[in-house]
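A.B. asks: Next up is a structure, given as structure tokens.
Laboratory data are not the source of any read-out in this text; all were calculated from the coordinates shown. In this text, all values refer to a predicted model and were calculated from it rather than measured experimentally. Cβ placement follows ideal geometry from the backbone for every residue including glycine, while neighbour counts extend to all protein chains displayed.
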Amino acid sequence: MNTSPVWEPPRTGDETAHLLGALDRQRMTFWWKAEGLDAAGLRTRVGASSLTLGGLLKHLAGVEAVAGTWRLDGSSPGSPWAEVDWQATPSWDFDSAADDPPEELYARYVQAVATTRGRHREAIAADGLDRIISWGEEFGIELSLRRMLFDLLEEYGRHTGHADLLREAVDGRVGEDPPEDWSPPAAWT
């Protein structure tokens, strides 16, 4: 059941609808907090923190890419994620974002979310939330798709809070939800 506004999770439904709806709400809220800024806005910091909206965009694009590939089925997340030496540069995504043009940061994030949403929905349609995913293999355990989606929701909850503070510092944008006439990227709907 679709609800209005588009970022609201369903009012009724099963576990899958609620989990995916909550995750999409976090994605859309994060996007609303990050969208439409120039390079200076994407590089703004608050206090002693090194976090920026640009860094969060790039980080979450990587999280999405990995969650839709390597963690899900063992496939490569592709460039640039597969080429990074994460052991040597664990904060590469956050740090390197300052060198990326805003258009690239935005496009990479929008595409990563669109692709991952599609791959997760296909996996759920085929095998349900109990599907065992590749991520647990490195730890010698079984992890379900459900567990990964909850971890992704937690990641968004943490970083959407960061984005809240950063966006307010850039131009004063505040609020829990986008305005009623707001729309997410077309690639997500």
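A.B. asks: Just tell me, in residue order, which DSSP H segments of the chain are both 30 angstrom or longer along the helix axis (alpha-carbon based) and at least -0.5 in mean Kyte-Doolittle hydropathy.
C.D. replies: Details: long enough: 102-127 (37 Å, -0.66); 145-171 (38 Å, -0.48).
Answer set is 145-171.
A.B. asks: Another question, if that's okay. Just to be sure I follow the definition: excluding the sites themselves, where is the longest run in the chain that has none of the chymotrypsin sites (Phe, Trp or Tyr not before Pro) in a DSSP loop with at most 14 other Cβ atoms within 10 Å? Intermediate results must be reported in sequence, preceding the final value.
C.D. replies: Working: sites that count: 86, 182.
That gives 87-181 as the longest site-free run.
A.B. asks: Can you give me the long-range amide H partners of residue 143? Hydrogens built in the peptide plane at 1.01 Å from N, cutoff under 5 Å, separation of 5 or more residues or another chain.
C.D. replies: For residue 143, the qualifying residues are 133, 136.
A.B. asks: Let me ask something else. From the phi angles alone, apply the Karplus equation (6.51, -1.76, 1.60; θ = phi - 60°) to the range 37-44 and give each ³J(HN,Hα) in whole Hz, x where the residue is Gly or Pro.
C.D. replies: Running phi through 6.51 cos²θ - 1.76 cosθ + 1.60 with θ = phi - 60° gives 9, 8, 4, 4, x, 6, 9, 5 Hz.
A.B. asks: For the range 5-33 and the range 62-133, what is the separation of their Cα centres, given in Å?
C.D. replies: Taking the Cα centre of the range 62-133 as reference, the centre of the range 5-33 is 19 Å away.
A.B. asks: So if I place +1 on the C-beta of Lys and Arg and -1 on the C-beta of Asp and Glu, and nothing else carries charge, what would the dipole magnitude of the chain be about its Cα centre? I want it in debye, nearest 20. Walk me through the numbers before you get to the answer.
C.D. replies: Values: 18 positive and 32 negative charges, 35 e Å.
In total the dipole reaches around 160 debye.
A.B. asks: If you don't mind, there's one more thing I want to ask. Whole-Hz ³J(HN,Hα) for each residue in the range 172-189, computed from phi via Karplus 6.51 cos²θ - 1.76 cosθ + 1.60 with θ = phi - 60°, x for glycine and proline: what do you get?
C.D. replies: 3J(HN,Hα) across the range 172-189, in whole Hz: x, 5, 9, x, 7, 10, x, x, 4, 8, 6, 9, x, x, 4, 5, 9, 10.
A.B. asks: Here is a follow-up. Set Lys and Arg Cβ to +1 and Asp and Glu Cβ to -1, take the dipole of the range 22-129 about its Cα centre, and tell me which of 112, 28, 96 lies farthest positive.
C.D. replies: The one lying farthest along the dipole's positive direction is 28.
A.B. asks: Also, I was wondering about something else. Distance in nm between label sites at residue 15 and residue 104, each 7 Å beyond Cα in the beta-carbon direction?
C.D. replies: Roughly 4.2 nm, to one decimal.
A.B. asks: So, R0 is 30 Å and r is the distance between the beta-carbons of residue 88 and residue 39; what FRET efficiency does that work out to, to 0.05? Write down the numbers at each step before the final one.
C.D. replies: On the way: r = 26 Å, r/R0 = 0.88.
Calculated transfer efficiency: 0.70.
A.B. asks: Summing -39500 (n - 2.57) over the DSSP H runs of n ≥ 4 in the chain and dividing by its residue number, what mean residue ellipticity at 222 nm do you reach, to the nearest 500 deg cm²/dmol? Walk me through the intermediate numbers first.
C.D. replies: Working: 7 runs with 101 residues, N = 189.
Helix contribution divided over all residues of the chain: -17500 deg cm²/dmol.
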